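Reading through the structure tokens given below for one structure.
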Amino acid sequence: MSGAATRPARAASAPTERPDGGAAETARAAKLARRLEELELDALLVDSLVDVRYLTGFTGSNALVLLVADAARARLGGHRFLSDFRYATQSAEQVPGVFAREIVQGELIEELASALAGDGGGRLGFEEASVSVKCHRRLAELLGRDWELVPCAGVVAGARAVKDAEEVARIRAASELADEALRTLLEAGLVGRSEREVAIELELCMRRLGAQAPSFPSIVAAGPRGALPHAEASDERIPADVLVTIDWGALHEGYCSDCTRTYATGEGVSARAREIYELVLRAQQRGLDALRAGPSGREVDARAREVIEQAGQGEHFGHGLGHGVGMEIHEAPRLARTAPEDQPLRAGNVVTVEPGVYLPGVLGVRIEELAVVREGGCEVLTGLPRELTVVS
Ligand code: ZN
Ligand code: ZN
């Protein structure tokens, strides 16, 4: 790696106008810049908008970030943020001063690569899951031989998986809002309403309580439809004496919540339904008991799955035990049979614990809590009762 000590001047950016100065984002960028040293990268191209938002606070729809390793700063300059003219004002308000802001006219990737081509070369990391083959080809063309393109997997996502106290507070607020919306919804009962009506009403409740949006389309599935883990709410009327699964969440201040409850719509639900419910609840408790910093997501999944397998229902629990939740509804880490064995859960991970048993054509039960992983245990954020409750 060689290169001149000076670099061409680029559009200077004014200090950020954010009241907090973007302290959290500035700290995140500094932490990741140190991580780049471990990965032996000079810089990392960040093209996923959610990763860009995590690093800069920018909420618009077109942006790129170049994170520069500490050792390469003298040569490459500081971190860069690129967007287009639509976001000149918004990015000035949102993006902290540690990023040199550049408002460019052409394709962001072309502008960045052309600028980097004159910077002497090095190792440039990119996210292998999000950079397309087309984009990779163009980067290689523009950067030339001095730059080595290094595929990376989840560098920013790995940092996002461990939440700080402020992020946990936002997820907790989203979760409390979602709990409150459900309580309001249930006051009007379930029997006789269509699944779709219930889903719409729940989403309205969340919006009225201050949510930006639902964190995903709500699932309301009654009776045999409950056996479809990702059923879309239909126009079917909810009958009495069946199980109804409701899976919903709120997006609040940029963070998601996720929860599932299965209710009985009358005391007349079958003994089989009650038995399956108790089984799923036991499995969930086992999962929550095993959830702490140290074991892998695969181990925690196995502890809960064991309960369902021992009851002979293993084949009816076809999905993973849980997933990370944060800026996105599904993010790292995963609690699943296929989760990596060598990646221990870490304090600050926020995950769901959501076992389910689905008897095709008959019924389904899923119970889902949202929890923060701590040293020695976990803290459940969901505030709703977990035992089988009758709502008619
Ligand atoms: Zn869910
Ligand atoms: Zn979930």
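Worth pointing out:
- Within the range 150-190, the residues that satisfy the criterion of being assigned to a helix (DSSP H, G or I) and acidic (Asp, Glu) are 166, 167, 176, 179, 180, 187.
- Any pair with Cβ under 9 angstrom, 6 or more apart, that starts in the range 319-338 at a residue that is under 29 Å from residue 359 (Cβ atoms) and more than 9 Å from ligand 2 (Cβ to nearest atom) and ends at one that is open to solvent by 30 Å² or more (accessible area, probe 1.4 Å) and among the β-branched types (Val, Ile, Thr): 320/338
- Residue within the range 171-179 that is buried (at least 17 other Cβ atoms within 10 Å of the Cβ) and in contact with an Asp or Glu (Cβ under 6 Å, 6 or more places away or on another chain) present: no
- Check on residue 266, of a type outside the set (Lys, Arg) and either open to solvent by 20 Å² or more (accessible area, probe 1.4 Å) or within 16 Å of ligand 2 (Cβ to nearest atom) (or both): no
- Residue count for the range 47-81 under the criterion of being within 26 Å of residue 329 (Cα to Cα) and either of a type in the set (Phe, Trp, Tyr) or open to solvent by less than 40 Å² (accessible area, probe 1.4 Å) (or both): the result is 16.
- Residue within the range 230-242 that is more than 18 Å from residue 367 (Cα to Cα) and crowded, with 20+ Cβ neighbours inside 10 Å present: yes
- Considering residues of the range 229-252 that are within 14 Å of ligand 1 (Cβ to nearest atom) and β-branched (Val, Ile, Thr) only, the residue farthest from residue 318 (Cα to Cα): 246
- Among the residues here, residue 175 qualifies as in the same structural domain as residue 249 (by TED's automatic domain parsing), at pLDDT 95 or above and touching a Ser or Thr at 6+ places or on another chain (Cβ under 6 Å).
- Within the span defined as the range 186-204, every residue fails to be in contact with a helix residue (DSSP H, G or I) (Cβ under 8 Å, 6 or more places away or on another chain), surrounded by 15 or more Cβ atoms within 10 Å (Cβ to Cβ) and of a type in the set (Gly, Ala, Ser).
- If the condition is being more than 12 Å from ligand 2 (Cβ to nearest atom) and not in a loop (DSSP other than H, G, I, E, B), then the range 339-364 contributes 344, 357, 358, 359, 363, 364.
- Subset of the range 365-389 [over 16 Å from residue 317 (Cα atoms) and part of a loop (DSSP other than H, G, I, E, B)]: 375, 376, 381, 382, 383, 384, 385, 386, 387, 388, 389
- For residue 369, the criteria (1) of a type in the set (Asp, Glu); (2) under 18 Å from residue 167 (Cα atoms); (3) open to solvent by 60 Å² or more (accessible area, probe 1.4 Å) hold in every case but one, which is (3).
- Residue 238 vs. criteria in the same structural domain as residue 315 (by TED's automatic domain parsing) and either more than 16 Å from ligand 2 (Cβ to nearest atom) or within 16 Å of the chain's Cα centre (by Cα) (or both): yes
- Exactly one residue out of 363, 384 is among the aliphatic types (A, V, I, L, M), in contact with a Lys or Arg (Cβ under 7 Å, 6 or more places away or on another chain), under 30 Å from residue 237 (Cβ atoms) and modelled with pLDDT of 95 or more, and it is 384.
- Only one of the listed residues (218, 194) is in contact with a strand residue (DSSP E or B) (Cβ under 7 Å, 6 or more places away or on another chain) and either away from ligand 2 (no atom under 16 Å from the Cβ) or among the aliphatic types (A, V, I, L, M) (or both). That residue is 194.
- Condition check for residue 295 on (1) of a type outside the set (Lys, Arg); (2) away from ligand 2 (no atom under 14 Å from the Cβ); (3) closer than 30 Å to residue 269 by Cα: one failure, at (3).
The values are calculated or read from the model by the stated rules, or taken from the named source; none is laboratory data. Remember, predicted model here, so these are calculated numbers, not experimental data. Positions of Cβ are backbone-derived with ideal geometry, glycine not excepted, and every protein chain shown enters the neighbour counts. For accessibility, only protein heavy atoms count, side chains too; no ligands or nucleic acids. Shrake-Rupley method; radii C 1.70, N 1.55, O 1.52, S 1.80 Å.
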